[in-house]
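Beneath this line is the structure, given in structure tokens, with notes to follow.
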2 protein chains.
Amino acid sequence: MDIVISAFEQSPDRGRGLARDMRVRWALEEVGQPYEVRLLSFEAMKETSHLALQPFGQIPTYEDGEVVLFESGAIVQHIADRFEGLMPGETRARGRAVSWLFAALNSVEPPILELANARLLEMSQSWYAARLPFVEERVTLRLQQLSNALQGQDWLDGDFSAGDLMMASVVIRLKSSGLLEPFPDLMDYLSRCEARPAYQRAFAAQWAVFEAAIGQVTK
Amino acid sequence: MDIVISAFEQSPDRGRGLARDMRVRWALEEVGQPYEVRLLSFEAMKETSHLALQPFGQIPTYEDGEVVLFESGAIVQHIADRFEGLMPGETRARGRAVSWLFAALNSVEPPILELANARLLEMSQSWYAARLPFVEERVTLRLQQLSNALQGQDWLDGDFSAGDLMMASVVIRLKSSGLLEPFPDLMDYLSRCEARPAYQRAFAAQWAVFEAAIGQVTK
């Protein structure tokens with residue numbers, strides 16, 4: 001069976017490539033695997049048929065005939081394990097790449113999600129402006145630690161891996177936040193990621209979906 | 001080489017089993033593997049030697065002669081892959097268990113961390129009480145979805161797996177929050193986890209560390 005993933009019919013990020021299907025598209029492009037996309041409306045994401053695949057009513061999901069997966073982390077790791085190009089072969093190096101993948105999702109992304117929640121859900125609240133520096137401080141701590149770990153290298157550990165793919169996918173959400181500017185090394189790191197042909201193909205694919213959705217709306 | 005993990009010399013949770021070494025201890029007990037623990041003070045966690053193992057200055061780390069890992073997710077998954085007892089053998093079932101493990105860390109834990117941050121870091125701020133319901137609502141949404149997915153079963157998908165271990169480890173942080181009470185099925189789920197002999201051995205081990213630390217202080 002072909003690889004099928006699910007994605008937003010109309011991404012709330014307006015095609016900026018921040019939705020979680022982008023991580024999966026990028027991984028599939030890195031390993032050179034074609035895929036189909038099942039586009040879902042917000043209503044369809046809450047339907048029983050989708051909840052059977054994704055208990056939290058989110059995207060993306062992944063099916064390839066062998067497995068049915070949810071959670072971008074599980075999907076990217078599966079792609080990296082199954083196909084050549086995103087996971088070092090050597091056991092110790094693989095362990096470090098997997099550690100970085102989990103670090104992106106569980107140590108770096110939570111404060112970034114907290115910042116996104118503040119902006120998306122609490123911007124009209126009285127406490128928004130006073131609280132923002134507290135949240136930004138938690139994000140900046142992680143960026144400093146990430147910068148220290150990168151040590152001026154191109155990638156987190158040797159060659160580009162699924163760990164870099166996930167870390168960049170998480171940190172890239174900060175691009176318009178102003179929080180990356182104190183870390184030119186991290187901005188360069190993101191630029192290296194964005195320059196990868198696989199990233200560009202993935203970005204163009206998700207952009208085309210958004211553009212088509214907008215076209216339908218404005219028709 | 002024996003398995004060596006790192007943990008707090010004196011856990012900030014005062015031995016309640018909420019620190020992330022508990023997940024790893026529990027996993028090692030489930031698969032019947034003995035392990036050693038390197039206890040770290042807060043100062044030691046910031047030293048270069050530890051940062052080389054754990055770039056974010058956190059615990060736990062894991063070494064077994066084959067690999068050196070950080071992030072509790074990466075460690076639990078490695079233990080589940082390497083030893084018998086936490087991962088289904090069948091490919092599709094393994095995919096679902098891994099999806100649940102990632103869901104625990106990236107869909108369920110972030111709002112719980114946000115709640116913990118509010119309590120730990122913002123309780124003395126003017127907005128704390130007014131903002132709390134917003135954060136609690138985000139947690140409750142995830143609990144409702146988790147309850148829906150559990151559907152009255154004992155475990156998330158067939159037999160107890162690394163997915164259950166991680167989900168329970170994440171949700172158990174809510175035990176004193178009052179947010180679990182509307183979900184008696186989730187409270188029963190946690191009770192089933194806590195009743196597992198492996199959980200109890202892991203809990204006792206981390207408690208003994210805390211008790212020893214306190215004994216030294218009060219001596």
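Nearest 100 Å² is fine: how much accessible area is buried between A and B, summed over both sides, with a 1.4 Å probe? Counting protein atoms only, the buried area is about 4000 Å².
Over all pairs of different C-alpha atoms in the range B:91-196, the reciprocal of the mean inverse distance, the Kirkwood hydrodynamic radius, equals 14.4 Å. Against the empirical curve 2.2 N^0.38 Å, the C-alpha radius of gyration of chain A lands at a ratio of 1.03. Relative contact order of the range B:91-196, taken over Cα pairs closer than 8 Å and 6 or more residues apart, is 39 percent. Look at the stretch B:122-130: the mean tally of other chain Cβ atoms within 10 Å of its residues' Cβ atoms is 3. Across A:Leu51, A:Leu156, A:Leu121, mean-square fluctuation computed from a Gaussian network of chain A (C-alpha pairs under 10 Å connected) peaks at A:Leu121.
Volume of the convex hull of the range A:68-127 (Cα atoms only), normalised per residue: 89 Å³.
The range A:149-164 and the range B:158-180 have Cα centres lying 33 Å from one another.
Around the amide H of B:Thr61, modelled in the peptide plane, lie the amide H atoms of B:Ser6, all under 5 Å away and 5 or more residues distant in sequence or on another chain. In terms of its C-alpha gyration tensor, the range B:40-92 has a prolate overall shape, because the principal axis ratio a/c (a ≥ b ≥ c, square roots of the eigenvalues) is not below 1.5 and a/b outweighs b/c. Axis-proximal residue of chain B for the rotation onto chain A, reported as residue and distance in whole Å: B:Trp127, 2, based on Cβ position. Legend: residues in the range B:36-55 shielded by at least 20 square angstrom of accessible surface upon adding the remaining protein chains to the isolated chain (1.4 Å probe, heavy atoms) are B:Pro55. For the range B:1-78, the list of GluC sites (Glu not before Pro) that fall in a loop by DSSP and count at most 16 other C-beta atoms within 10 angstrom reads B:Glu47, B:Glu66.
Computed 3J(HN,Hα) for the range B:66-74, one whole-Hz value per residue from the Karplus formula 6.51 cos²θ - 1.76 cosθ + 1.60 where θ = phi - 60°, is 8, 9, 10, 10, 10, 6, 4, x, 4, glycine and proline marked x.
Ranked from shortest, the separations from the 7 Å Cα-to-Cβ label point of B:Pro12 to its equivalents in the other copies are 2.9 nm.
Counting only DSSP H runs of at least 4 residues, each contributing -39500 (n - 2.57), and dividing by the residue count of chain A, the helix-based mean residue ellipticity at 222 nm comes to -17000 deg cm²/dmol.
Take every DSSP beta bridge whose two residues both sit in the protein assembly as shown, then give the antiparallel share in percent to the nearest 5. The antiparallel fraction comes to roughly 50 percent. Taking the 1.4 Å solvent-accessible surface of chain B as the whole, the part contributed by carbon and sulfur is 53%. Taking every residue in B:90-99 and counting other chain Cβ atoms within 10 Å of its Cβ, the average works out to 5. Protein heavy-atom accessible surface, 1.4 Å probe, per residue over the protein assembly as shown: 42 Å². Contact-buried residues of the range B:145-171, at a threshold of 50 Å² lost accessible area versus the chain by itself: B:Gln145 (1.4 Å probe; DNA, RNA and ligands ignored). Between this copy and the others, label points of B:Ser49 are 5.9 nm apart in ascending order, each placed 7 angstrom from Cα in the Cβ direction.
Here the Karplus curve 6.51 cos²θ - 1.76 cosθ + 1.60, taken at θ = phi - 60°, turns the phi angles of the range B:184-198 into couplings of x, 5, 6, 5, 5, 4, 5, 4, 4, 5, 5, 7, 5, x, 5 Hz, with x standing for Gly and Pro. Summing charges over neighbours of B:Val135, with a neighbour being any other residue whose Cβ is under 12 Å away from its Cβ, gives -1 when K and R count +1 and D and E count -1. Accessible-area loss of 20 Å² or more (1.4 Å probe, protein heavy atoms, chain alone versus all protein chains) is found in the range B:64-82 for B:Glu66, B:Val67, B:Val68, B:Leu69, B:Phe70, B:Glu71, B:Ala74, B:Gln77. Taking Cβ atoms as reference points and 15 Å as the exclusive limit, the residues near B:Leu150 contribute a net charge of -3, counting Lys and Arg as +1 and Asp and Glu as -1.
Can you give the net charge of the other residues whose Cβ lies under 12 Å from the Cβ of A:Arg23, counting K and R as +1 and D and E as -1?
Overall, the nearby charge balance is -3.
Its alpha carbons considered, the protein assembly as shown gives a radius of gyration followed by a Dmax of 21.1, 78 Å. Taking chain A as a Gaussian network of alpha-carbon nodes connected by springs under 10 Å, the highest mean-square fluctuation of the residues A:Met123, A:Met45, A:Met166 belongs to A:Met123.
Computed from backbone phi, the HN-Hα couplings of the range B:140-145 come to 4, 4, 5, 5, 4, 5 Hz, rounded to whole numbers (Karplus: 6.51 cos²θ - 1.76 cosθ + 1.60, θ = phi - 60°; Gly and Pro given as x).
The values are calculated or read from the model by the stated rules, or taken from the named source; none is laboratory data. Computed from a predicted structure; not experimentally measured. Backbone-built Cβ (ideal geometry, glycine too); neighbour counts: all protein chains shown. Only protein heavy atoms, including side chains, enter the accessible area calculation; ligands, DNA and RNA are left aside. Shrake-Rupley method; radii C 1.70, N 1.55, O 1.52, S 1.80 Å.
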